[in-house]
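Heads up, the thing below is written out as structure tokens.
The values are calculated or read from the model by the stated rules, or taken from the named source; none is laboratory data. No experiment lies behind these values; they were computed from the predicted model shown. Cβ sites come from the backbone with ideal geometry, for glycine too, and all protein chains shown count toward neighbours. Each accessible area value is taken on the protein alone, full model and side chains, heavy atoms only, with ligands, DNA and RNA left out. Shrake-Rupley method; radii C 1.70, N 1.55, O 1.52, S 1.80 Å.
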Amino acid sequence: MKNLLIILMLSGVFAWNAQGQELHFGVKAGANFSNLKFSSDLGDVTPDGATSFYVGGLADIGFSEKFHVQPEILYSIEGAEDADISFLNIPVMLKYYIIGGLNIQAGPQIGFILDAEGGTDGLKSSNFGVNFGAAYELAGGFFVDARYNLGLSDISDIEVDPIFSGDVSLKTKGFQLGVGYRF
């Protein structure tokens, strides 16, 4: 009962605070230029990169004229040449408007692996990273954005032979160029 009361109180505070915020929904899509970094005690290997796409939706929550938070849900194909990995990514971008419609963005991202070329055996189910980027919003709700994503977590779930004493890791990285529309 105590936990329920705390949840209700927090919900009330959040709802009261949310009344002053501006909320817009939108859609976005664009190109991914991504790659994988395979690391082990034997050295690092970066295969040829891949070009693919992403598509999804967003909510833009304005807390002031300069500060916004933008959670997104994106279907994204990333990876390397001949090693595509499909993700459901959920970035939460903190936006700061520099001047007019120009803003810079940064924030964390969690990705859930949906599928991979050759199957998902040897891959963990999720990925965590950080994003950095910028966007420009045009009149009428249209915007263009560019973003760099750096995967921080190891998505490799490969069993290492006990004779091999080193660690194996696989991390994602990529650059996105996109367009979108806020309603």
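Taking Cα atoms, how many degrees apart are the long axis of helix 2-18 and the longest axis of the chain, rounded to 10 and kept between 0 and 90? Around 70 degrees separate the two axes.
Projecting the Cα atoms of GLN21, THR51, PHE175 onto the dipole axis of the chain, where Lys and Arg carry +1 and Asp and Glu carry -1 at the beta carbon, places GLN21 farthest toward the positive end. Using only Cα coordinates, the Kirkwood hydrodynamic radius of the chain works out to 18.1 Å.
Accessible area per residue for the chain is 58 Å², calculated with a 1.4 Å probe on protein heavy atoms, without ligands, DNA or RNA.
Where does the chain land at 222 nm, in deg cm²/dmol rounded to the nearest 500, when only DSSP H runs of n ≥ 4 count, each adding -39500 (n - 2.57), divided by all residues? Theoretical 222 nm ellipticity from helices: -3000 deg cm²/dmol. Normalised by the number of residues in the stretch 70-183, the mean separation of alpha-carbon contacts (under 8 Å, six or more apart) gives a relative contact order of 20 percent.
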